[in-house]
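The values are calculated or read from the model by the stated rules, or taken from the named source; none is laboratory data. These numbers were taken from a predicted model, which means no experiment stands behind them. Here the Cβ is made from the backbone with ideal geometry for all residues, glycine too, and neighbour counts use every protein chain on show. Side chains included, ligands, DNA and RNA excluded: accessible areas come from the protein's heavy atoms. Shrake-Rupley method; radii C 1.70, N 1.55, O 1.52, S 1.80 Å.
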Amino acid sequence: MEFLPAMTDETTFPQPDPSTLTALREGDYEGAIAILEEQQNFAYLGIAHLLSGDDMTAQLVWMAPLMEGEDEAAWTHHLTQVLAQESLALPDPGLAWQLRQQLRQFNPDHLENLLHLIQLSGQLHLWDDDALLDDTALLLESDASPPQDLLQQTCQALLSQNNSPPGSERFLKTALSRLPENFSLLLGMARFLQNRWQNLASLDYLHQAQAYVESPGQEILRSHLLLRGLLRSGGRWPEAQQAFEQYRQHLEQLISSETELSLELASQVITAGGMMAYLSDDLPGYRQLRNRVGHRCQAAIQQHLAQVTERYQSQSPKGSGDKLKIGYLSECFRQHSVGWLVRWLLHYHDRQKFEIHLYSLSQTGDRLQQQFAQDTTLQFHPLPYSGLAAAQRIHRDQIDILVDLDSITSNAGCSTLALKPAPIQVSWLGCDAPGLPAVDYFLVDSDVLGPEAEQQYSEKLWRLPHSYIAVDGFEMGIPSLRRDRLNIPSDAVVYFCSQSGYKRNPEDTRRQLRILARVPNSYLLIKGVYSDATSLQQQVQELAEAEGVDRKRLRFLPITPSEEIHRANLTLADVVLDTYPYNGTTTTLEALWAGIPVVSRVGQQFASRQGYTLLKHAGVEAGIAFSDEDYLDWGVRLGQDVALRRQVSAQLLRNRRTAPLWNARQFTREVELMYQSIVNR
């Protein structure tokens, strides 16, 4: 790009003395303005007016030199330098952002300023200008030698954000094409694409990253994302199985070695191995792997932060006569399955006995998160995505019982737990227990894990008397789909399966297709959340052909704009087919609430017994399958026997008034008794 010419006469524009600069940077705008007016230092005087909130005067001041005959190019160059310099000197990022915005108006093609502005916009969550990233990408495409260090810093800052703005993808792809390849950026870009559901596109970056792997830890991080992308795509199962075996070998080597784990690597690997539950129903093997990973990473984190953990060890919970402080830790106090489920417990908590704190590790600002944040009976704490920062806040608040809601789905959450910031720590609702010695209890019921599971957990299994989860129901919207619009006859039997690509393995899909083959005039609706639609559709169609099922009996549904509409669309279905070895949870609850029969295959592990415990505590036995043959039989029976289907549906709707699954108030009392019992012990 072309830069502005150098100033012809540097002395034309005076520099303020150090004391004036100090006044300006420390917020003494009135004092700075008085001195700068006397000196007629228009560049800095405009800054002082701008930072004091007087935008109009700032613009007039900056126009003064041009009205007095100064060379426009020289003045713009000088103002550019001053605005850039002062934006770096200001300690407040919000004020620095204001100066950068002004600089962008005066000099829209100043690439370095735009890169700094992207970083500040991300830091402050001020993405009010969709053109910023597009304009910067356009300049990068034409710039022969962009500033490499600054460009890399900007990419890393953007990739580290949970919620990137719309123009991020184009900017990042352009920026990465102008930078030398390195492991960190390639890995970050792959994660970024997966978070946007572009799972197959992420694989190219992961294959490139393999050439830059320098340690076993890096290979684990890379192979973890590779496995994640393959599973989520919904159509790459053989590759995913192969990738898992390689991933597991690297993980076993790391946790078995005597090599010291860095704090960063331990915090990144602490959730590793969790995807094994999607690939097989092996309770002992899965728990052994998770427990070993959890123990190894917790030990490393505590060793690196020994002073912190030693300080936390001196704490103890209050006696039964005091008001207990309960802290809930999660990335999902938002429109997420965890958010929708935990809200009922929070609603019914006895505020006379319990002080409730929510520690949020992800800030989306969506409507459900706003409800949590605005509830005056809760103390909502938005925190950075950092285990240490979260632990420090929890310890400072003197929480008696910390309840983790995410388990192995959150690196920051597990890193927080590893530091043991609360004297008692409980895991509940996430994807199985984290396997960390610092976690004292895992909250379950007698059906989701049987007695034989006790020895597989490092946490003590605390069994609630009824279901380990209960809600008062779900809000339903207006359906966006109809049978006639999907070209499905009104008298057809409609099966429905709504699960992510993680849970869709070929054998499970074959079971569903075999049901379809045995039930005439039946159709299967497939909604693949987080899946690549083309890949998923191709896999299912190929399997249908192999099973002798006409492709015309399959319907692939789009993602719905809201949870309420998704639930309303469930009413299209006559029967919901659950997945195995990883059952649905929220999706099953939603179907049961709508009165739709569910067929669920029961296994050994926690993830394979969700449908079992939910059906039992909804008060029905129909649909509980203890083998593949049972699954097929229940699917066919519920499809062919209209009377049975109606009977189950009526029973589900009737039981909404009496079943423990729909009694969140009772469930909350049971959880509170558990909290008090734990403290009393």
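Data for the structure
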{"read-out": "Long-range amide H partners of Ser262 with built H, under 5 Å", "value": "none"}
{"read-out": "Residues with amide H under 5 Å from that of Val403, placed H, sequence gap 5 or more", "value": "Gly327, Tyr328, Leu329, Val426"}
{"read-out": "Karplus (6.51, -1.76, 1.60) ³J(HN,Hα), θ = phi - 60°, over region 378-388, in Hz, Gly and Pro reported as x", "value": "10, 10, 9, 10, x, 10, x, 7, 8, x, 5"}
{"read-out": "Distance violations [Cα-Cα > 27 Å] among Lys318/Lys460; Lys527/Lys616; Lys325/Lys503", "value": "Lys325/Lys503"}
{"read-out": "Cα-based helix-to-principal-axis angle, 337-348 vs the chain, degrees rounded to 10", "value": "80 degrees"}
{"read-out": "Hydrodynamic radius by Kirkwood, which averages 1/r over all alpha carbon pairs of region 434-512, in angstrom", "value": "17.4 Å"}
{"read-out": "Degrees, to the nearest 10: 72-89 long Cα axis against longest axis of the chain", "value": "50 degrees"}
{"read-out": "FRET efficiency, 1/(1 + (r/R0)^6) with R0 60 Å, evaluated for Asp628 and Gln105 via beta carbons", "value": "0.35"}
{"read-out": "Share of carbon and sulfur in the accessible heavy-atom surface of region 255-384 [1.4 Å probe, %]", "value": "45 percent"}
{"read-out": "Simple Cβ-charge dipole of region 222-302, Lys/Arg +1 and Asp/Glu -1, about Cα centre, in debye nearest 20", "value": "220 debye"}
{"read-out": "Sites matching GluC sites (Glu not before Pro) across region 19-109 that sit in DSSP coil, with at most 12 neighbouring C-beta atoms within 10 Å", "value": "Glu26, Glu68"}
{"read-out": "Volume in Å³ per residue [convex hull over Cα atoms, computed for region 351-415]", "value": "92 Å³"}
{"read-out": "J(HN,Hα) series, region 596-608, from Karplus relation 6.51 cos²θ - 1.76 cosθ + 1.60, nearest Hz, glycine and proline x", "value": "9, x, 10, 10, 9, 7, 9, x, 9, 7, 3, 5, 8"}
{"read-out": "Carbon + sulfur, % of accessible area of region 391-434 - ligands and nucleic acids excluded, 1.4 Å", "value": "42 percent"}
{"read-out": "Whole-Å semi-axes of region 1-120's equivalent ellipsoid (Cα gyration tensor)", "value": "20, 19, 12"}
{"read-out": "Positive-end residue of Ser490, Met476, Thr509, charge dipole of region 413-519 with Cβ unit charges", "value": "Ser490"}
{"read-out": "Loop-resident sites, region 584-665, for trypsin sites (Lys or Arg not before Pro), counting at most 15 other Cβ within 10 Å (DSSP)", "value": "Arg657"}
{"read-out": "Using a Förster distance of 30 Å, the FRET efficiency for Asp149-Ala73 (Cβ separation, nearest 0.05)", "value": "0.60"}
{"read-out": "Accessible-area composition of region 525-639, carbon plus sulfur, in percent [1.4 Å probe]", "value": "49 percent"}
{"read-out": "The chain - charge dipole about Cα centre, Lys and Arg +1 at Cβ, Asp and Glu -1, debye rounded to 20", "value": "4120 debye"}
{"read-out": "Listed residues Gln148, Leu124, Ser87: farthest to the positive end of the dipole of the chain (Cβ charges)", "value": "Leu124"}
{"read-out": "Chain lengthening between Asp130 and Glu252 when straightened (0.36 nm per residue, less Cα-Cα)", "value": "39.4 nm"}
{"read-out": "Percent of alpha-carbon pairs separated by more than 19 Å within region 348-479", "value": "57 percent"}
{"read-out": "Probe 1.4 Å, protein heavy atoms only - accessible area per residue of the chain in square angstrom", "value": "41 Å²"}
{"read-out": "Overall dimensions of region 454-611 as given by Cα atoms, namely Rg and Dmax in Å", "value": "16.5, 53"}
{"read-out": "Globularity index of region 206-321, i.e. its alpha-carbon radius of gyration over 2.2 N^0.38 Å", "value": "1.28"}
{"read-out": "Karplus (6.51, -1.76, 1.60) ³J(HN,Hα), θ = phi - 60°, over region 140-147, in Hz, Gly and Pro reported as x", "value": "4, 5, 9, 8, 6, 9, x, x"}
{"read-out": "Dipole axis of region 525-681 (+1 Lys, Arg; -1 Asp, Glu on Cβ), positive-most option in Trp634, Tyr582, Leu653", "value": "Leu653"}
{"read-out": "Region 45-154 - charge dipole about Cα centre, Lys and Arg +1 at Cβ, Asp and Glu -1, debye rounded to 20", "value": "280 debye"}
{"read-out": "Kirkwood hydrodynamic radius over Cα pairs of region 82-131, then Stokes diffusion coefficient at 37 °C and 0.692 mPa s, in µm²/s", "value": "308 µm²/s"}
{"read-out": "Rounded tilt (10° steps) of 283-304 against the dominant C-alpha axis of the chain", "value": "30 degrees"}
{"read-out": "Estimated Rh, region 548-681: Kirkwood, alpha-carbon pairs, angstrom", "value": "16.3 Å"}
{"read-out": "Option label - log10 I(q)/I(0) by the Debye sum over Cα atoms at q = 0.05, 0.06, 0.11, 0.12 Å⁻¹ computed here, alternatives (1) -0.35, -0.49, -1.34, -1.48; (2) -0.57, -0.66, -1.13, -1.22; (3) -0.30, -0.43, -1.17, -1.31", "value": "(3)"}
{"read-out": "Full-extension gain in nm, Gln313 to Arg665, via 0.36 nm per residue minus C-alpha separation", "value": "123.3 nm"}
{"read-out": "Amide H within-cut-off set for Phe380, under 5 Å, with H built and near neighbours excluded", "value": "Leu358"}
